[in-house]
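Structure first, commentary second.
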Amino acid sequence: MTTCKSVSMAGVLIAVGLCASSVSAQTARWPEQKAQAWYAQQPWLVGSNYVPASAINQLEMWQEATFAPDEIDRELGWAEAMGMNTMRVFLHDLLWEQDAPGFRKRIDQFLTIASRHHIRPMFVLFDSCWDPLPRLGPQHPPTPGVHNSGWVQGPGAAALADPGQQPRLKAYVQGVVGAFAKDDRILAWDVWNEPDNDNAGSYAKQELKDKTARVTALLPLTFAWAREANPQQPLTSGVWGSLETSPDGASLNEGQQIQLRESDIVTFHNYTWPEYFKRQVTWLKKYNRPVICTEFMARSVGSTFDAILPIAKQERVGVFNWGFVAGKTQTFLPWDSWRHPYVRDQPSVWFHEVLRPDGTPYRPAEVALIRQITGKQ
């Protein structure tokens with residue numbers, strides 16, 4: 001394997017980029033025909049971004065002390081009952097460092113539960129959103145009235161700032177992907193969630209000043225690491241951000257160009273009006289690859305089940321809404337709760353989430369629509 005060494009930040013980024021180019025030359029993304037053939041074998045994909053109601057983040061979901069298989073079984077049963085057939089689920093590099101055999105065992109247990117409910121998850125390896133200072137062990141309680149007050153990034157700022165941690169990150173990616181590379185219970189691997197997200201509205205003071213450059217340098221390398229494990233499942237990383245309001249791809253940043261260049265299947269996020277969603281789908285289909293929306297549905301900003309699901313089905317675009325059961329993530333609260341916490345009053349309309357903690361629908365008409373459009377009734 002190539003070893004990258006440097007004595008300055010500029011040198012680090014150049015060296016990482018050269019390493020990425022070297023490894024990428026040894027691997028290749030799927031040809032368009034293979035990607036389309038894979039998608040033709042899938043049902044129309046409908047699911048949620050999933051974390052159990054009892055978990056504030058991906059660490060609490062997966063650590064041995066708080067892993068909750070009975071709760072997962074119950075909640076995925078609710079998903080199956082409304083016609084969902086997939087879930088997008090976040091992993092974390094610190095979990096592999098903490099207890100690789102145990103983490104692998106719990107992933108297998110999760111897959112067994114999901115398979116029982118005819119759900120094939122997409123696993124997310126890295127994530128640039130929210131708290132850049134992840135810590136193992138007990139997680140803090142939710143901040144009252146605040147959306148996603150405990151979600152953590154992976155790799156965190158400490159790992160991004162230290163090139164010496166690159167072997168650990170590679171071991172995580174190849175360990176997880178390699179362990180399940182031939183597992184039919186897994187739909188796909190999402191290599192990096194929103195790699196160009198700067199978190200300016202939530203953790204600006206804690207973020208690395210050169211975070212974007214560091215993540216952009218690591219992104220193609222992470223794709224290459226995953227490909228070296230030779231997974232039968234496709235790799236992807238979803239474009240987001242400016243593409244919502246400028247959905248024709250007129251101005252792609254470097255990270256978005258890498259995402260679209262490296263992904264076997266095209267994925268994207270869209271939390272806005274249905275006309276922008278449709279325009280974005282039309283543009284992304286020009287890549288001649290399957291198109292899947294891995295995040296949507298924020299009721300108060302125009303993205304709803306009623307508006308998006310019919311378009312997605314007509315276009316045969318898979319869709320994952322954010323949030324399934326209201327719980328410790330508190331993502332039924334809107335993004336602006338970071339500036340104005342909903343402590344005294346609840347929002348007039350839930351932002352994300354489909355179900356209340358007891359499994360009853362927040363809005364029964366939505367669940368009826370999901371059941372009808374997926375053919376569950």
Fill in the blank from the handout: Cα-based Rg/(2.2 N^0.38 Å) for the chain, rounded to two decimals, is 0.93
Exercise for the section: Subtract the Cα-Cα distance of Lys313 and Ser251 from 0.36 nm times their separation in residues, and report this length gain in nm to one decimal. Expected result: 19.5 nm
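Relative contact order, percent, of region 27-171 when contacts are C-alpha pairs under 8 Å separated by at least 6 residues? Before the final figure, lay out the partial values.
Numbers: 185 pairs, mean separation 34.8, N = 145.
Relative contact order here is 24 percent.
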Practice task
Show that you can apply the helix-only estimate: for the chain, add -39,500 (n - 2.57) for every DSSP H stretch of four or more residues, divide by all residues, and state [θ] at 222 nm to the nearest 500.
Solution key: -12000 deg cm²/dmol
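Antiparallel DSSP bridges in region 238-337: what percent, to the nearest 5?
Values: 1 of 9 bridges.
Bridges in region 238-337 that DSSP calls antiparallel: roughly 10 percent.
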Completion exercise
In whole angstrom, the spacing between the Cα centers of region 283-302 and region 107-170 equals 23 Å
Exercise for the section: Treat every Asp and Glu Cβ in region 11-373 as -1 and every Lys and Arg Cβ as +1, leave all other atoms uncharged, and give the resulting dipole magnitude about the Cα centre to the nearest 20 debye. Expected result: 520 debye
Completion exercise
So the number of lysine pairs in region 11-373 with alpha-carbon atoms under 25 angstrom apart, 8 or more residues apart or on different chains, is 16
Practice task
Enumerate the calculated ³J(HN,Hα) couplings along region 76-81 in order (Karplus 6.51 cos²θ - 1.76 cosθ + 1.60, θ = phi - 60°), each rounded to whole Hz, writing x wherever the residue is Gly or Pro.
Solution key: 5, x, 5, 5, 4, 5
Practice task
Can you pull the one-decimal nm distance between simple spin-label points at His340 and Asp183, each 7 Å off the Cα toward Cβ?
Solution key: 4.4 nm
Handout entry: Lys, Arg +1 and Asp, Glu -1 on Cβ, resulting dipole of region 41-179 about Cα centre, debye, nearest 20
Key = 300 debye
Problem - Student exercise, region 156-296 dipole from Lys, Arg, Asp, Glu Cβ charges, in Debye to nearest 20 - result: 200 debye
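Coordinate-derived values only; no laboratory data. All of these numbers come straight from a predicted model, not from anything done at the bench. Counting neighbours? That spans all protein chains shown, and the Cβs are built from the backbone with ideal geometry, glycine included.
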